[in-house]
Every structure is written in structure tokens, then in C-alpha cells.
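Peer 1: This structure is in C-alpha cells; I'll ask about it shortly.
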Ligand SMILES: [Zn+2]
């Protein structure tokens, strides 16, 4: 992808997840960005673009300001990882850049672990992907799922993805989305215990920022927006559940001192539907970030459906 092909006036928003010293960490298999690569990427982006803050983008989108840099870049950090406090935040402060942080509320408030993160660390801890693939299928067999059920899912889901081989895509899809919610949570817990060997609460405290740390981001001029409460695929749940997810995250934002008028939503997995957009409009949300890859259009009518680039789309 050539990010330089975007029309002038479009915004380059970059999405980050894990940013840490991966090689020296306990989980060198985790898929993320090395801190040194992050710093090199900031050098690169700074040489090509002007970093803007969420407040500048919000002011432009709401029409409060007509000014917007020709080549603007906004940095976004999803999922509320401790990495963002330990590595990203001090680096952004040093460079006087304001970043946007989107922590899901439940892991912070209840020391729970998102299934998606449990899956990442199962994969990072599993030295043998084949064994994990077989263990997942054995968990299904133990719950009386038929061989043909398993085979059909393998043939449909085990396709190599943008960053992952076929077996890993199968494991991720089955545990993130395909199996019924209760079942996939239960199997994920089983595999987490087996491969990561830690309690959920203990691991949650290591993985995510605390409320006090997130408050410090806000006080220091960083932007903190909504990434919902549970981190569900919003397009897979009913409108009333979506509204609860959004209300609970707004309560969380209020508690940590972040704005809840003219605020920014970041859809978990980039997933939303028409109900989501209707709810967000009612609740004074002005910008929504998806995971659709590309430059973010500054069209005010489409501001709830902004594209983002991934960190892997730029030199690291
Ligand atoms: Zn997320």
C-alpha cells in the first residue's frame, strides 16, 4: 500500500496495539511492534506529516474550526495495554505529540481479560501451533461436536490471512467469533490455563493500564475515547446491548475525567452496523474509527466511519 497516494487533505490515522520491548519480554512470540521500531516510525511519520491531536480533528469535524493541516497524522492506540503507559506515553510526551487511547472499560474495572487477548497469549505461549490446533478440536469433540462440524469449519476458516497462517486464522476465528459466546469463552479459559498458566485477574493486572494511569493520560493532554465495555463485535449483538456497551463506557470515561460530548468511538474489531451509528449520533459521538485500511476521509457526513492505517503499513 502506498500511503503517499492519498488525496491532499485526507488524514493519515495509524492504529497500534502492542508496543513493547518484545524480544526481551516474557512473551517474545507476541505479535506487536518493538518499541525501537515505534520510535523509528515516529521519526518517519514526523518527517512526512504533521502530528495532530484528537481535539484538532474534533474541532474540524464539528465545524468549530476550518483549519486543518494538509498532511496530518493522528496516532491511535487500542485496547488499553500497559505498554501504552510504560512505553508509548513517555515517548509521546518527550516528542510533544498527543495520542488517542481506546481502552475497553471492563478489563480496567473488573481485572478481567478480553478473550481476544487471552487468545493472543495462548498463541504466543504455544510453541507448537499444530498441538494447539488439535487441542482446540479436542475441546470441541469433548463437548460432542461432530467430526463433520469440525471439518466444515476447518475448510471454511483455515485460510491464510494478511499476517497469519491458516491454522492460526482458524484458531482465532473459532475462538473470537464462530463458536457461541459462552462456549468460546469457556474453551479460551481452558486453553489459557493450559498454555499461559496464570490466573485471569493476575494476568489482567499485568496486561492493562489501571484507571489511575488512564486518568494520568487524560491529565497530561492525551485523548481517551470509547472502546466499549466488553469489546464485543457490535454488529453481532442487539441494539439494546450495543447501547448498554456504549453507556457503560461513557460512564467509565466520565469517571476517569475524559470528555463525553463530541467524543470519539473506536469500534472493537472495526465492527458496527446501522444501529450503532444511530446510537452514537444520539449520544454526541462525532468520530468513529474502523479498522478498514486506508486514509481517513475528512467528509463530515462520514465521520463515524473513518478508515485507519495499521502500523505495519509504514516503515518501522
Ligand atoms: Zn480492540
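The values are calculated or read from the model by the stated rules, or taken from the named source; none is laboratory data. Small disclaimer: the values here were computed from a predicted structure and weren't measured. For neighbour counting, all protein chains shown are included, and Cβ atoms are generated from backbone atoms with ideal geometry for every residue, glycine included.
Peer 1: Scan segment 20-49 and report the pairs whose first residue is touching a residue at least 60 places away in the same chain (Cβ under 8 Å) and whose second residue is exposed (fewer than 13 other Cβ atoms within 10 Å of the Cβ) and assigned to a loop (DSSP other than H, G, I, E, B), with Cβ atoms within less than 6 Å and a gap of 6+ or a chain change.
Peer 2: Matching pairs, first to second residue: 44/315.
Peer 1: Can you tell me which residues in segment 217-250 are within 16 Å of the ligand (Cβ to nearest atom), surrounded by fewer than 16 Cβ atoms within 10 Å (Cβ to Cβ) and modelled with pLDDT of 95 or more?
Peer 2: Within segment 217-250, just 235 meets the criteria.
Peer 1: List the pairs whose first member sits in segment 56-70 and is within 13 Å of residue 302 (Cα to Cα), whose second member is loosely packed, with under 14 Cβ neighbours inside 10 Å and at pLDDT below 95, and whose Cβ atoms are under 6 Å apart, counting only residues at least 6 apart or on separate chains?
Peer 2: Listed by first residue and then by second, the contacts come to 61/300.
Peer 1: Say whether the condition of being over 24 Å from residue 98 (Cβ atoms) and touching a helix residue (DSSP H, G or I) at 6+ places or on another chain (Cβ under 8 Å) is met by at least one residue in segment 209-224. Steps first, please.
Peer 2: Residues of segment 209-224 that are over 24 Å from residue 98 (Cβ atoms), as a first pass: none.
No.
Peer 1: Only one of 59, 72 is farther than 21 Å from residue 219 by Cβ and away from the ligand (no atom under 16 Å from the Cβ). Can you tell me which?
Peer 2: Details: 59 fails: farther than 21 Å from residue 219 by Cβ.
Sole residue among the options that is farther than 21 Å from residue 219 by Cβ and away from the ligand (no atom under 16 Å from the Cβ): 72.
Peer 1: Given (1) outside the structural domain of residue 14 (by TED's automatic domain parsing); (2) under 30 Å from residue 288 (Cα atoms); (3) surrounded by 14 or more Cβ atoms within 10 Å (Cβ to Cβ), identify the lone condition not met by residue 97.
Peer 2: Residue 97 satisfies all of (1) outside the structural domain of residue 14 (by TED's automatic domain parsing); (2) under 30 Å from residue 288 (Cα atoms); (3) surrounded by 14 or more Cβ atoms within 10 Å (Cβ to Cβ) except (1).
Peer 1: Only one of 41, 48 is modelled with pLDDT of 95 or more, closer than 26 Å to residue 297 by Cβ, touching a helix residue (DSSP H, G or I) at 6+ places or on another chain (Cβ under 9 Å) and surrounded by fewer than 16 Cβ atoms within 10 Å (Cβ to Cβ); which? Write out each step before concluding.
Peer 2: Numbers: 41 fails: surrounded by fewer than 16 Cβ atoms within 10 Å (Cβ to Cβ).
48 is the lone residue from the list that is modelled with pLDDT of 95 or more, closer than 26 Å to residue 297 by Cβ, touching a helix residue (DSSP H, G or I) at 6+ places or on another chain (Cβ under 9 Å) and surrounded by fewer than 16 Cβ atoms within 10 Å (Cβ to Cβ).
Peer 1: Condition check: in a helix (DSSP H, G or I), away from the ligand (no atom under 16 Å from the Cβ) and buried (at least 17 other Cβ atoms within 10 Å of the Cβ). Does residue 280 satisfy that? Break it down stepwise before answering.
Peer 2: Details: in a helix (DSSP H, G or I): yes; away from the ligand (no atom under 16 Å from the Cβ): yes; buried (at least 17 other Cβ atoms within 10 Å of the Cβ): yes.
It is true that residue 280 is in a helix (DSSP H, G or I), away from the ligand (no atom under 16 Å from the Cβ) and buried (at least 17 other Cβ atoms within 10 Å of the Cβ).
Peer 1: Now a separate question. Report yes if some residue within segment 119-128 is over 23 Å from residue 204 (Cα atoms) and either free of Cβ contacts under 8 Å to residues at least 12 places away in the same chain or more than 24 Å from the chain's Cα centre (by Cα) (or both); otherwise report no.
Peer 2: Going through segment 119-128, the residues over 23 Å from residue 204 (Cα atoms) turn out to be 128.
Checking the rest, the ones that are also either free of Cβ contacts under 8 Å to residues at least 12 places away in the same chain or more than 24 Å from the chain's Cα centre (by Cα) (or both) come to 128.
The answer is yes; a qualifying residue exists.
Peer 1: Would you say residue 199 is away from the ligand (no atom under 16 Å from the Cβ), modelled with pLDDT of 95 or more and surrounded by fewer than 17 Cβ atoms within 10 Å (Cβ to Cβ)?
Peer 2: Details: away from the ligand (no atom under 16 Å from the Cβ): yes; modelled with pLDDT of 95 or more: no; surrounded by fewer than 17 Cβ atoms within 10 Å (Cβ to Cβ): yes.
Taking the combined requirement at face value, the residue does not satisfy it.
Peer 1: Right, something else. For segment 100-111, which positions are farther than 14 Å from residue 217 by Cβ, surrounded by fewer than 23 Cβ atoms within 10 Å (Cβ to Cβ) and within 14 Å of the ligand (Cβ to nearest atom)? Quick ask: steps written out before the conclusion?
Peer 2: Going through segment 100-111, the residues farther than 14 Å from residue 217 by Cβ turn out to be 104-107, 109-111.
After this cut, where a residue has to be surrounded by fewer than 23 Cβ atoms within 10 Å (Cβ to Cβ) as well, the list is 106, 109-111.
Result: 106, single match.
Peer 1: Could you grab me the full set of residues in segment 287-309 that are under 19 Å from the mean Cα position of the chain (by Cα) and either surrounded by fewer than 15 Cβ atoms within 10 Å (Cβ to Cβ) or outside any loop (DSSP other than H, G, I, E, B) (or both)?
Peer 2: Scanning segment 287-309 gives 287, 288, 289, 290, 291, 292, 293, 296, 306, 307, 308, 309.
Peer 1: If you check 214, 168, which single one turns out to be surrounded by 20 or more Cβ atoms within 10 Å (Cβ to Cβ) and farther than 16 Å from residue 118 by Cα? Can you show your working first?
Peer 2: On the way: 168 fails: farther than 16 Å from residue 118 by Cα.
Going through 214, 168 in turn, the sole match is 214.
Peer 1: Check every one of the helices (runs of 4 or more DSSP H) wholly within segment 1-109 and list those with 3 or more residues that are closer than 29 Å to residue 202 by Cα.
Peer 2: 35-48, 89-95
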